[in-house]
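What follows is a single structure, written as structure tokens, with notes after it.
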Amino acid sequence: MKNLWLRIWKGNPPGFSLLIISLTAAVLLAVPVLYVVFRSMTAGAERWMRLLDDRIPELLWNTISLTILVTIATIVIGVFLAWFVERTNVPLRNWWRWLMAVPLVIPPYIGAVAYIIIAGPRGTLARQWRDSEWLSQLGEFPLEIYSFTGVWFVLTLFTFPYVFLIASSSLRKISRSYEEVARSQGLSTSNIFYRVYLPFLRPAIGAGALLVSLYVITDFGAIAMLRYLTFTSAIYYNMGSYDNLSATVLSTVLFGITLLILWMNARFKSGRNVHQSTKGKATDQIVPLGKWRWPVFSVIMMIFTFAVMIPVGVMIYWSYIGLQAGALDAQFIEYAWNTFYVSGLAAVIAMAVALPIIYLKSRHPSVISSIIDKLSYSGYALPGVIVALGMIFVFNNYVPVLYNTVLLVALAFVIRFLPQVLQSGEASLQLVSPKMDEAARSLGSKPWQVATRVILPTILPGILAGGALVFVSAVKELPATLLLRPPGFETLATRIWVETSEDIYYMAAPAALLIILISIIPLRYLLKKY
Amino acid sequence: MLNRKWKYPVVFSSLLLVVAACGNDTEPEQNAEENGEEITTEAEDQELIVYSSRNENFTNNLLDKFEEDTGIEVLVSHLDETAVNLIKEEANNTQADIFISNEIGGLEHLRDEGLLQGYTPEGIETIDEDYRAEDNSWIGLSARTRVLMYNEDLIDESEVPTNIEALADEQYAEQFAITRGGNGSMIGHVAALRQEWGDEATLEWLNAIRDNAGIITSGHGDIRRAVGAGEVAFGLVNNYYYHQQIEEPVDNNVGVVYPDQADGEMGAVINAAGIGMISEAPNQESAEQFFEWIMIPENQQAFSYDSMEVPLNPEIEAYENAAPLDSYNIQDMPLRELGDMWEDTRELIEQSGLDLEIG
């Protein structure tokens, strides 16, 4: 028995308490979600059949068609932008490198608000149309933002930078010698792109596609605001009418789809590793665009206008109106404070929970620690609505004291965003050699002293960076906050939701602008990461 | 040994405790003290937890006034009619003290399920018995009538249907807006129609209007804005939305038709907004104080004023343009009968395929 235990841990078992803490944390993180799946099994065959018959096919079609079309669009935009910015002499190319990442700081639901304000049925453009003699002759206002196209447009605009960033970074790594060889063989520029770059870019495209498709499948805000129905919004509305069992059934199906995507990605990655020689110097030689230089520039400029200038401009304009109408009152400050408070709480808890898990994984690798690790990552690919549903179930029934408290909202954030601390913490712990632990141990330190005196100080910057990421993600979070907030507790995100549904844009805009400003913080980190 | 083993968990859990303690600061204190006498001295620590299914713009001033008058802090969850199901879901872990409802069916349904408690505040007799529960666990305070509001630029009053049944007529296809089936006022309306027409005819009508409606919105605010802006010619709303739209600085060229007014027709369908006291309210004392406070005439008026509804207490002056209840024919069905029909009606609507929720 003891031998088996030692063999599992490869001769290096962790302290009992460390193991228990990590295990408890990981299990607690996964419980709400597992409970949802479990409850769906008790929903009864009849409910399953009814949902499988009429609800699920429609939702599957809506969700999958949207995911696929957004993913394709982001790949096309992201890869072409990356290539033009990295490999051609398009004007301002050094600026575009980071400007094209900026749409990531605008949460898609805020982008959706901006486009509802402009192109909605009572928006600026529609009013101009109805007021103008000759335009209204042409018939009804033609843009329909509350539609598949509207959702597709908004989600594409605010997620393509994922593909762009990943593709750019792999383009920078590709040895130029391949291109030189191809060119010497007489291939044209577009041929080189398709036959040399595209194959090399395949893993990057795969990684970007995974990020985007997970994003689309789990997004709630933009989809619900644009009144489209996918699994996440259907789960939300089912919970709204407190048909929680149907919501668990839909959640289980959605969970399955997410797992399928992750599995497909793993297969894709393992099957198609592209090898390239690291030799061969990367030259700065870039492709001259000639007469295409300015046309390409205007296309890039147009994308930037739609993805950054228009939404930010709209929010600044309406914030200005709001400012004059007194939108920045005591209540606004209360909402902002609530937002920072609950997000800060989530960041602190996430950092505390991440420490033992990271330590265990890196210093005591084994089947058990990798299970703990996997469990802690489970929130990553989960939509906020499912996390919230699970927490309502578990806490209302078994831990009523915590039900309807701010802490519960923070815990939901921890479940969803813990992986961000885990990632950055792990990265910095890998830089600390285990030899340092051993040195400290040989000098008489106890394991917990090693952890607090040697390891903690060295990985603290990484952990804090992860905490900051959690904070920012929590500030932006909408669905779990909407579903879990206790009476009287509102955050900036929930106010944007409420005010937009009432067409009171000048009240929504200052909150949106503040969220955008806070989201700029991790932009540098994102740029460095890819 | 013990020390080494436990230091880590102690540090870790104390960290969590600190965090949890911070969390407790803003947590609603659910076990407020139940000392009947010391209301005024303890008012600062008292809370009232309100679930409201009304638009928050209709209740904010009212609840602020309550805070000012009594010093009791109001924590409100702005929900929609889902509040009814939430209260049922939390039956074993009661959270709310007071439910402010947009319609009577849900209140009576909750009472029927044993989730409301009777309480008789002073001045209860100012509200007609038809508009409150037998045990006064809920009290209706303001009335609303189902009307057709139209855009005067797009359609003439004579072209607006004069009865609700006509919405199923093909000639109005794509011309009007209705709310989703799960909207509280819609459920109440459909329940009244079931009473009048029977289930089969109602189901047929629901099927027809689902196809006929140009826009199906989540709430009525969207309908009044859509009609005002000319997205559709007319819409089925509660009458106060018409008054609200007239007062808008733009898009205010709207008119109203009270349906089913001719001899032999059913009369316009009415409903009421009101308050209910939740069983086992965590802040019982605050809940009772709220009931007493709301019966004061000026507060009854405040309840209906922001929404521009008509107070059910005839002594209280209505918002200036709101049409009094006795100025048109109304369907004669006691509102509390809506309670029995509440769940069945939702089922009937679901059967018709008019979505309870829209996404």
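The values are calculated or read from the model by the stated rules, or taken from the named source; none is laboratory data. Computed from a predicted structure; not experimentally measured. Every residue, glycine as well, gets a Cβ built from its backbone with ideal geometry; the counts of neighbours run over all protein chains shown. With ligands, DNA and RNA removed, areas are computed over all heavy atoms of the protein, side chains included. Shrake-Rupley method; radii C 1.70, N 1.55, O 1.52, S 1.80 Å.
Brief remarks on what is shown
- Of B:A143, B:A91, all but one fail to be open to solvent by 20 Å² or more (accessible area, probe 1.4 Å) and of a type in the set (G, A, S); the exception is B:A91.
- Lone unmet requirement of (1) buried (at least 16 other Cβ atoms within 10 Å of the Cβ); (2) in contact with a Phe, Trp or Tyr (Cβ under 8 Å, 6 or more places away or on another chain) for B:Y131: (2)
- Only residues that are away from every other protein chain (no Cβ under 11 Å) and either of a type in the set (S, T, N, Q) or open to solvent by 70 Å² or more (accessible area, probe 1.4 Å) (or both) were counted in the stretch A:117-131, giving 3.
- Subset of the stretch A:337-373 (residues that are farther than 18 Å from A:I21 by Cβ and either touching a Pro at 6+ places or on another chain (Cβ under 7 Å) or within 14 Å of chain B (Cβ to nearest Cβ) (or both)): A:W337, A:N338, A:T339, A:F340, A:Y341, A:V342, A:S343, A:G344, A:L345, A:A346, A:A347
- Any hit, the stretch A:456-470, residues being without any contact (Cβ under 8 Å) to a residue 12 or more places away in the chain, more than 25 Å from the chain's Cα centre (by Cα) and more than 13 Å from chain B (Cβ to nearest Cβ): yes
- Counted residues, the stretch A:477-511 - those being closer than 15 Å to A:I223 by Cβ, open to solvent by 10 Å² or more (accessible area, probe 1.4 Å) and among the hydrophobic types (A, V, I, L, M, F, W, C): 2
- Residue match in the stretch A:125-148 (condition: of a type in the set (A, V, I, L, M), at pLDDT 85 or above and assigned to a helix (DSSP H, G or I)): yes
- Residues in the stretch A:235-255 that are within 12 Å of chain B (Cβ to nearest Cβ), open to solvent by less than 30 Å² (accessible area, probe 1.4 Å) and under 20 Å from the mean Cα position of the chain (by Cα): 1 in all.
- Screening B:L236 against (1) modelled with pLDDT of 90 or more; (2) touching an Asp or Glu at 6+ places or on another chain (Cβ under 9 Å); (3) within 20 Å of B:D156 (Cα to Cα); (4) of a type outside the set (S, T, Y) leaves a single unmet condition, (2).
- Of the residues making up the stretch A:14-59, those that are over 21 Å from A:P419 (Cα atoms), within 14 Å of chain B (Cβ to nearest Cβ), open to solvent by less than 70 Å² (accessible area, probe 1.4 Å) and in contact (Cβ under 8 Å) with a residue 40 or more places away in the chain are A:P14, A:G15, A:R39, A:R47, A:L51, A:R55, A:L59.
- Elements of type strands (runs of 3 or more DSSP E) contained in the stretch B:63-179, each with 2 or more residues being within 12 Å of another protein chain (Cβ to nearest Cβ) and under 19 Å from the mean Cα position of the chain (by Cα): B:73-78, B:98-101
- Matching residues in the stretch B:226-251 - criterion: being open to solvent by 30 Å² or more (accessible area, probe 1.4 Å) and closer than 21 Å to A:E499 by Cβ: B:E231, B:E247, B:E248, B:P249, B:V250, B:D251
- Residues in the stretch A:181-221 that are open to solvent by 60 Å² or more (accessible area, probe 1.4 Å) and touching a residue at least 24 places away in the same chain (Cβ under 8 Å): A:R202, A:Y215.
- For A:V249, the test of being within 30 Å of A:V113 (Cβ to Cβ), among the aliphatic types (A, V, I, L, M) and touching a residue at least 24 places away in the same chain (Cβ under 8 Å) is failed.
- Some residue of the stretch A:398-419 being away from every other protein chain (no Cβ under 14 Å), out of contact with any Phe, Trp or Tyr (no Cβ under 9 Å at 6 or more places or on another chain) and at pLDDT 90 or above: yes
- Remark: B:L325 matches the filter, which requires a residue to be over 21 Å from B:R194 (Cβ atoms), of a type in the set (A, V, I, L, M, F, W, C) and in contact (Cβ under 8 Å) with a residue 60 or more places away in the chain.
- If the condition is being open to solvent by less than 70 Å² (accessible area, probe 1.4 Å), out of contact with any helix residue (DSSP H, G or I) (no Cβ under 6 Å at 6 or more places or on another chain), among the small types (G, A, S) and assigned to a helix (DSSP H, G or I), then the stretch A:430-450 contributes only A:A439.
- Candidates A:V299, A:V274, filtered to the one that is modelled with pLDDT of 90 or more and among the aliphatic types (A, V, I, L, M): A:V299
- Flag if A:A474 is within 15 Å of the chain's Cα centre (by Cα) and either of a type in the set (K, R) or in a helix (DSSP H, G or I) (or both): yes
- Failed criterion for A:G111 (all others in (1) in a helix (DSSP H, G or I); (2) farther than 22 Å from A:A493 by Cα hold): (2)
- Any hit, the stretch B:278-296, residues being open to solvent by less than 10 Å² (accessible area, probe 1.4 Å), more than 26 Å from B:Q46 (Cα to Cα) and touching a residue at least 40 places away in the same chain (Cβ under 8 Å): no
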